[in-house]
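Down below is the structure, laid out as structure tokens.
The values are calculated or read from the model by the stated rules, or taken from the named source; none is laboratory data. All of these numbers come straight from a predicted model, not from anything done at the bench. No Cβ is skipped: glycine too gets one built from the backbone with ideal geometry, and neighbour counts run over all protein chains shown.
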């Protein structure tokens, strides 16, 4: 399975969980400190829209401005599906060595692809946990994200992206999805 198919698995997984969000869930807290379900979905959809813009040559300032808009519209699931389809097509049409102007700095499109796969995978779990839906993660996604982030080890908490990082309480032989969630600051 190539990276583009992995991205599409991530999109399908997030759409599955997003489809389970009910109107009363939008204000529910998530495992992401300070974020409600709405905040988390805005983050994922906004990151998807922003990534399409970056792949199309947007500056970091132009991309960041997109994050300040209401990206959800009236039908968040449809909005996400449409944005993800655009993202998938944009990545498939892009040389992954191309440099994009992300807010973290100039990075190759391949790194942006990894960011999107990670976001879709981990935030699918966050969203499912918040709304008490099925938290099962696609093993293909778990492996891809594990391969990308596990080399960061205990220092992952210093990135400021993954909360407190690993708890130190998960056995090395625990299921991979449990180790991934713990590594990225989640406590399943």
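Report, by residue number, each residue of segment 30-60 that is loosely packed, with under 14 Cβ neighbours inside 10 Å and in contact with a strand residue (DSSP E or B) (Cβ under 9 Å, 6 or more places away or on another chain).
Scanning segment 30-60 gives 57, 59.
For residue 13, only one of the following conditions fails: (1) within 15 Å of the chain's Cα centre (by Cα); (2) modelled with pLDDT under 95. What is its number?
(2)
Need a quick list: helices (runs of 4 or more DSSP H) entirely within segment 50-161 having at least 3 residues that are touching a residue at least 60 places away in the same chain (Cβ under 8 Å).
Qualifying helices (runs of 4 or more DSSP H): 76-92, 109-131, 139-149.
Please enumerate the residues belonging to segment 169-184 that are assigned to a loop (DSSP other than H, G, I, E, B) and touching a residue at least 12 places away in the same chain (Cβ under 8 Å).
Step one: filter segment 169-184 for residues assigned to a loop (DSSP other than H, G, I, E, B), giving 169-175, 184.
Of everything in segment 169-184, those that are assigned to a loop (DSSP other than H, G, I, E, B) and touching a residue at least 12 places away in the same chain (Cβ under 8 Å) turn out to be 169, 170, 184.
I'd like the full set of residues that are exposed (fewer than 15 other Cβ atoms within 10 Å of the Cβ) and touching a strand residue (DSSP E or B) at 6+ places or on another chain (Cβ under 6 Å), limited to segment 109-134.
Result: no residue meets the conditions.
For segment 17-36, which residues satisfy the criterion of being over 18 Å from residue 163 (Cβ atoms) and under 14 Å from the mean Cα position of the chain (by Cα)?
Scanning segment 17-36 gives 17, 18.
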